[in-house]
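Q: Below is the structure I would like to discuss, written out as structure tokens.
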Amino acid sequence: MERLWTIIKKEFFHIWRDPITLALLLALPGVLLVLLGYGITYDSKNIPMAVADFSKTDASRELIEKFTETGDFKLKFDVLSTDDLLDLIDQDQADVALLIPEYFGRNVDTNEPVKIQFFINGAIEPTEIQTIQLKISALSSYYAQEILIEQISRSGQNSGLALPIEGLTKILYNPDSDSQLFMIPGLIPIILQVQALILSAFAIVREREQGTMEQLIVTPVKSWELMLGKSIPYLILSMANMFVLLWLGEWLFGISVAGSYWGLIGMGFIFILGSLGMGVLISNLSRTQMQAMYLAIFVVLIPAIILSGMLFPRDNMPLVTLIYSELLPVTHFLEITRGVILRGAEMQYLWNSIMPLIVLSIFYFAVSILVFRKRL
């Protein structure tokens with residue numbers, strides 16, 4: 001028992017003499033719990049909605065109000081054509097689009113049945129699609145019942161009257177709500193992030209722990225040359241893995257790239273460059289491999305999986321969590337992969353994700369080079 005107690009005291013002493021690691025061990029789990037606890041939500045509120053109202057009548061405006069007054073849907077776009085509706089979904093700016101025909105108001109006034117068309121962005125999470133369908137059905141039926149009651153009160157009879165409004169729903173890109181079709185394009189950025197970050201996070205700190213940093217310091221190699229020399233092999237390996245992942249996605253799961261294949265590869269190159277920069281930056285800031293691993297997992301990898309939009313929608317995240325997720329390159333690359341692979345979106349439609357990805361990747365890689373100094 002005394003020997004066991006000696007080992008325990010020795011291990012506590014090692015932990016205590018490394019205050020940085022101790023602080024990370026004590027502080028990061030709590031910070032992560034608060035960040036993720038507020039960031040994860042299953043509430044489907046303020047679903048971005050676009051409307052093309054060809055009727056422009058009191059009845060059509062009342063229909064739109066039924067969808068927005070509950071807070072479930074948020075009217076963000078009022079467009080003039082069906083093509084504009086579909087373009088907004090292609091650009092991932094709307095999850096739901098409502099098409100109200102020109103004869104809507106006239107049919108409601110004359111007690112004739114009328115159909116309205118809903119388009120749903122099938123590139124979002126399958127359970128979210130089901131929730132949206134249920135809400136559309138419930139709100140459409142509720143409004144139709146109100147119209148029916150009004151018609152009965154006007155005519156004084158209810159025989160032969162049916163619900164005057166029928167909502168037709170069409171799910172774009174993923175009509176069967178296939179979970180694999182949703183998950184595979186989201187897993188590719190996460191897998192590439194894990195590999196690039198972990199490999200590069202140990203690049204510098206491993207040299208320090210193995211005692212080979214002294215040999216690098218005395219060489220005429222410049223700091224930026226050392227950083228590039230350590231990053232390029234991992235960049236090549238990660239790019240090779242991206243080709244493999246895309247091939248496996250098509251071969252095993254039948255998920256091919258619907259949009260620009262080489263445009264996606266180009267964005268992948270930029271994303272991996274930024275991920276390597278984050279890893280090298282963590283490696284520069286760490287003194288042990290334990291610190292590097294802890295920072296990589298708790299500061300980047302877990303938030304990347306939870307907050308990037310791979311599993312949970314980001315629309316209802318609080319501002320602090322949303323800002324944190326925006327600072328992760330994987331958040332933007334995930335939007336690009338799903339846009340290109342699943343929706344077949346053209347690259348110009350994804351500029352809102354491409355621009356932040358380029359800026360963040362260049363920033364992290366440049367900072368990793370600037371922070372590094374040839375010292376022990």
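The values are calculated or read from the model by the stated rules, or taken from the named source; none is laboratory data. Just so you know, these numbers come straight off a predicted model, no measurement behind them. When we count neighbours, we look across all protein chains shown, and the Cβ atoms used for this are built from the backbone with ideal geometry, even at glycine.
Q: Is it fair to say Ile272 is over 16 Å from Gly339 (Cα atoms), buried (at least 22 other Cβ atoms within 10 Å of the Cβ) and β-branched (Val, Ile, Thr)?
A: It is true that Ile272 is over 16 Å from Gly339 (Cα atoms), buried (at least 22 other Cβ atoms within 10 Å of the Cβ) and β-branched (Val, Ile, Thr).
Q: Which one of these is of a type in the set (Val, Ile, Thr), in contact with a Ser or Thr (Cβ under 6 Å, 6 or more places away or on another chain), in a helix (DSSP H, G or I) and modelled with pLDDT of 85 or more: Ile282, Ile236, Ile265, Ile270?
A: Ile270
Q: Moving to a separate point now. Taking Met183 as meeting all but one of (1) farther than 30 Å from Gln130 by Cβ; (2) at pLDDT 85 or above, write down the number of the exception.
A: Of (1) farther than 30 Å from Gln130 by Cβ; (2) at pLDDT 85 or above, only one is false for Met183: (1).
Q: In addition: Determine which member of the set Leu360, Leu334, Leu350 is over 29 Å from Glu225 (Cβ atoms), of a type in the set (A, V, I, L, M), assigned to a helix (DSSP H, G or I) and at pLDDT 90 or above. Give the steps one after another, and end with the answer.
A: Numbers: Leu360 fails: over 29 Å from Glu225 (Cβ atoms); Leu350 fails: at pLDDT 90 or above.
Checking each option against the conditions leaves just Leu334.
Q: Would you mention how many residues in the range 31-68 are within 25 Å of the chain's Cα centre (by Cα) and either under 27 Å from Leu311 (Cα atoms) or at pLDDT below 80 (or both)?
A: Result for the range 31-68: 21.
Q: While we're on this one: Check whether at least one residue in the range 74-89 is surrounded by 20 or more Cβ atoms within 10 Å (Cβ to Cβ), touching a residue at least 24 places away in the same chain (Cβ under 8 Å), under 17 Å from Lys170 (Cα atoms) and touching a Lys or Arg at 6+ places or on another chain (Cβ under 9 Å), and report yes or no.
A: Yes, there is a match, as at least one residue in the range 74-89 is surrounded by 20 or more Cβ atoms within 10 Å (Cβ to Cβ), touching a residue at least 24 places away in the same chain (Cβ under 8 Å), under 17 Å from Lys170 (Cα atoms) and touching a Lys or Arg at 6+ places or on another chain (Cβ under 9 Å).
Q: Next up: Using beta carbons and a limit of 8 Å, which pairs, at least six apart or on different chains, have the first residue in the range 226-255 and surrounded by 12 or more Cβ atoms within 10 Å (Cβ to Cβ) and the second one in a helix (DSSP H, G or I) and among the hydroxyl-bearing types (Ser, Thr, Tyr)?
A: Met227/Ser368; Lys230/Ser200; Ser231/Ser200; Tyr234/Ser200; Ser238/Ser275; Leu246/Tyr261
Q: Here is a further query. Could you tell me how many of the residues in the range 69-120 are small (Gly, Ala, Ser), at pLDDT below 90, under 21 Å from Tyr142 (Cα atoms) and not in a helix (DSSP H, G or I)?
A: Total satisfying the criteria: 1.
Q: Right, something else. Got a sec? Which of Met310, Met293, Met267 is among the aliphatic types (A, V, I, L, M), touching a helix residue (DSSP H, G or I) at 6+ places or on another chain (Cβ under 9 Å) and more than 24 Å from Ile358 (Cβ to Cβ)?
A: Just a single option satisfies the conditions, and that option is Met293.
Q: A further question on this structure: Condition (residue is closer than 27 Å to Gly71 by Cα and in contact with a Leu (Cβ under 8 Å, 6 or more places away or on another chain)) applied to the range 288-306: is it met by at least one residue?
A: Checking the range 288-306: at least one residue is closer than 27 Å to Gly71 by Cα and in contact with a Leu (Cβ under 8 Å, 6 or more places away or on another chain).
Q: Restricted to the range 315-331, and to residues that are surrounded by 18 or more Cβ atoms within 10 Å (Cβ to Cβ) and more than 19 Å from Val359 (Cβ to Cβ), which residue is modelled with the lowest pLDDT?
A: Asp315
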